[in-house]
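J.: So that we are looking at the same thing, I have put the structure below in structure tokens.
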Amino acid sequence: MFASIRNTIPRQFSRAYSTAPAGGKNGNGVLWASLATGAVLVGAYYYTRSKENQEGSVASSSSTPVTTALDPKKFIPFKLVEATPINHDSTHYRFALEPNQELGLDITSCIVVKAKVGNDEKPTIRPYTPVSEQHARGHFDLVIKRYPDGKMSNHIHSLVPGDVLEIKGPIPKFPYKNGALKEIGLVAGGSGITPMVQLIQHVLSDPNDNTKLTLVFANKSEDDIILRSTLDEFAKKHPDQFKVHYVVDKASSADWKGDVGYITKDLVKKYMPAASAEGVLVGICGPVPMLKSISGTKAPDYSQGEVGGIFKELGYTSQQVFKF
């Protein structure tokens, strides 16, 4: 129902609601950190193209069983077939699958990418979230922002059609079950929007899933809001099911109608479902300072850890909080 989503990734900021560095695991141990989902300026083009691809796949594969490409136990080489620049530092990459093959990505999950970079003895491994529709056949898509000190992002930006990239997955995160919750509140900072968009798209695409969704999405500036047009379109098409609220460090114009500053206790209380409500979950993904302030960070072993920060103050339990 929804399009393939492509994105750019904002640069690392030190503010509590900024993106995390792409050069490694972000401080909260989140495997989603390196990639966010969507491109605001080219969303319409991507939507049209994705729809055509999906329709073509369905038409050509009615009599052939669908297979999945990913293997969670080993890295598999995937061939790059197309690299399309999005802006000065972000590029859309399309990798080939068999004509009647899906990547095999679960909701919610990501992939890990491996490559031997430069003269390093050990391969570099980084997590990314595919931006193609979950059941797209014949291809999958990544959008990668190039960071000056990002080993993997620089390596991927050096690839040309015909080159391969080794990928393993899916790496599962939150085990979402359709209709199991009444309301989900999501807090994202910068590129932490990735798992949120994946989950939002999945819920809204299922006419039998009436789960209500509220997203608070924080960035340094309006220009750094990833996938804004797509999120706004979701909200427009599903006004009774999905709400989005933007927060920026500093408004760049008098026309800004969203919130300004950090994500505070009052703001969380204003937008998130109450901890006392039944069937509620609050999810969060972002850089370490943001998690420390709002939810508490993950444990050293990357397990969920204790609930802390604003979520703890507002009474959310460990069963009601998920740190992506």
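Any read-out appearing in this document is the output of simple, stated calculations on the displayed coordinates, not a laboratory observation. Note that the structure is a prediction, hence the values are computed from the model and not measured. Neighbour counts are summed over all protein chains in view; Cβ atoms, including those assigned to glycine, are modelled from backbone coordinates with ideal geometry.
J.: Calculate the translational D of segment 169-261 in whole µm² s⁻¹ from Stokes-Einstein, where the hydrodynamic radius comes from the Kirkwood formula applied to all Cα pairs, the temperature is 4 °C and the viscosity 1.567 mPa s. Please report the intermediate quantities before stating the final value.
T.: Numbers: Rh = 14.0 Å.
D = 92 µm²/s.
J.: Here is a follow-up. Can you tell me the mean projection area, over all orientations, of the convex hull of segment 55-210's alpha carbons? Units nm², please. Before the final figure, lay out each step's value.
T.: Numbers: hull surface 44.1 nm².
With the hull built on Cα positions only, its mean projection is 11.0 nm².
J.: What FRET efficiency, computed as 1/(1 + (r/R0)^6) with R0 = 25 Å and r the Cβ-Cβ distance, is obtained for D71 and H202, rounded to the nearest 0.05?
T.: Working: r = 22 Å, r/R0 = 0.90.
Efficiency, rounded to the nearest 0.05: 0.65.
J.: Moving on. Testing the spin-label approximation: label points 7 Å from Cα along Cα→Cβ at D149 and K292. State their distance in nm.
T.: Rounded to a tenth, the inter-label distance reads 1.8 nm.
J.: Counting other Cβ atoms within 10 Å of each Cβ, which trypsin sites (Lys or Arg not before Pro) in segment 119-206 have at most 12 and sit in a DSSP loop? Before the final figure, lay out the partial values.
T.: Numbers: sites: R137, K145, R146, K151, K168, K173, K177, K182; in loops: R146, K173, K177, K182.
Taking segment 119-206 and a limit of 12 other Cβ atoms within 10 Å, the loop trypsin sites (Lys or Arg not before Pro) found are K177.
J.: Two-decimal Rg/Rh of segment 125-223 from alpha-carbon positions, Kirkwood Rh?
T.: Values: Rg = 16.2 Å, Rh = 16.1 Å.
In segment 125-223, Rg relative to Rh is 1.01.
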